[in-house]
Amino acid sequence: MRACPYSRKCSGCQLQNLSYSEQLKMKQVKLIRLLGRFGHIEEIIGMESPLNYRNKAQALFGYKNGKIISGIYQSTTQKIAEVDFCMLEDEESQKIVKTVKKLAGKYKIKAYDLETKTGSLRHVLVRKGLKSGEIMVVLVTKNQDFHAKEEFARDLVSAHNQITTVVWNVNPTDTPLFLGKSSETLFGNGYIKDNLCGLDFRISPASFYQINPVQTEILYGKAKEYAKLKGDEVVLDAYCGTGTIGLTMAKSAKKVIGAEINTDATNDARENARLNGITNAEFYNEDAADYIAYLASKKEKIDVVITDPPRAGCSAKFLKNLVKLSPKRVVYISCNPETLANDLTVLTKSGYRATKIQPVDLFPFTKHIETVVALTRK
């Protein structure tokens with residue numbers, strides 16, 4: 001396996017110096033150290049082919065010696081590390097980034113300069129459906145200065161016929177690699193679809209969707225196994241995103257309720273339920289902590305809670321009301337073992353016991369670890 005020539009200046013792959021088998025061993029040891037006190041840690045599930053697994057690529061644009069470049073944003077230096085190749089990203093997506101850079105020159109679209117605060121083109125986001133093959137390209141500018149946008153989109157699609165939609169987004173803030181509120185579809189319908197765990201999902205530009213669908217199917221399969229659904233349970237899918245986890249369980253449950261603070265993701269979740277003919281799933285555009293507090297105050301009967309929080313873990317408010325809600329089972333999906341350990345400490349002191357702890361490697365060559373934990377009420 002070849003080493004990445006950009007590893008030092010990119011720093012995205014923190015485990016570049018280890019073989020893949022060594023990476024898995026290191027992650028296993030880390031989890032045993034952090035979570036071993038809660039129970040047995042199952043052997044981490046790795047990938048057969050841990051390269052080009054990312055279905056999402058982002059590249060920031062800027063200038064170097066007067067020439068437009070694309071690369072990775074370095075938050076420490078607030079500069080762009082020029083990168084033309086990534087061993088983790090989808091190969092076609094990387095070719096699209098290069099074409100965008102070429103077309104920017106052709107149409108004299110100036111890249112946004114982080115230092116002088118001038119120019120327009122900020123970054124490009126490319127998302128690809130693993131099974132559908134559909135590709136979305138989101139062109140992000142600092143302002144409304146995007147002349148010849150229709151011609152730009154036409155040439156881009158002509159160069160890459162796998163592209164099914166092109167969206168123009170304006171982010172006027174000083175935060176790089178974020179999407180703004182204003183969007184315009186230049187080609188296609190503004191979203192792509194993909195199939196995950198046997199279901200079709202709509203993915204909009206701002207929607208959360210796991211970047212490694214191969215391992216995500218394994219992760220969600222474990223989550224469903226740990227939920228132990230028999231068909232008469234009410235399931236709460238907290239932090240539900242586009243509804244991927246809850247919808248995979250809907251046919252095995254009486255009812256699924258999802259809570260998600262992102263409006264676009266909530267709309268996608270509702271549309272995903274419709275796409276798959278699922279009528280026993282409801283999705284609410286609510287903060288997960290606020291919504292579970294509401295359910296607890298109403299003494300609603302929830303049998304299983306699925307929680308997949310951000311890296312910071314569940315808030316104290318969420319955990320407090322989760323315990324009040326008192327579901328029979330909790331399935332906790334975590335992307336951060338440190339915050340997972342903190343939250344498991346709270347839950348195990350509040351009447352729950354971890355019965356299964358299964359790590360899944362969604363992010364080879366990085367330090368990140370995904371873990372799914374089954375908890376039952378004592």
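The values are calculated or read from the model by the stated rules, or taken from the named source; none is laboratory data. Being a predicted model, the structure only gives us computed values, none of them experimental. Cβ sites come from the backbone with ideal geometry, for glycine too, and all protein chains shown count toward neighbours.
The set of residues from the range 288-327 being over 18 Å from the mean Cα position of the chain (by Cα), acidic (D, E) and not in a helix (DSSP H, G or I) comprises E300, D303.
Taken over the range 54-67, the criterion of being of a type in the set (F, W, Y) and surrounded by fewer than 22 Cβ atoms within 10 Å (Cβ to Cβ) is satisfied by Y63 alone. Would you mind finding the one in F146, F201, F178, F208 that is aromatic (F, W, Y) and over 28 Å from I261 (Cα atoms)? None of the other options fit; the residue is F146. Just one of the listed residues (I333, I302, I357) is over 30 Å from P50 (Cβ atoms) and in contact (Cβ under 8 Å) with a residue 60 or more places away in the chain, namely I302. Just checking, does the range 68-75 include any residue being in the same structural domain as K102 (by TED's automatic domain parsing), surrounded by fewer than 12 Cβ atoms within 10 Å (Cβ to Cβ) and assigned to a loop (DSSP other than H, G, I, E, B)? Yes, the range 68-75 contains at least one residue that is in the same structural domain as K102 (by TED's automatic domain parsing), surrounded by fewer than 12 Cβ atoms within 10 Å (Cβ to Cβ) and assigned to a loop (DSSP other than H, G, I, E, B). In the range 266-288 there is at least one residue that is touching a residue at least 24 places away in the same chain (Cβ under 8 Å) and within 26 Å of L35 (Cα to Cα). Given the structure, is I80 surrounded by fewer than 19 Cβ atoms within 10 Å (Cβ to Cβ), of a type in the set (A, V, I, L, M), more than 18 Å from D155 (Cα to Cα) and assigned by TED's automatic domain parsing to the domain that holds D155? No. Among the residues making up the range 198-211, those that are assigned to a loop (DSSP other than H, G, I, E, B), out of contact with any strand residue (DSSP E or B) (no Cβ under 7 Å at 6 or more places or on another chain) and crowded, with 18+ Cβ neighbours inside 10 Å are S204, A206, S207, F208, Q210. As for the range 115-123, it holds at least one residue that is touching a helix residue (DSSP H, G or I) at 6+ places or on another chain (Cβ under 6 Å) and either farther than 30 Å from T216 by Cα or assigned to a strand (DSSP E or B) (or both).
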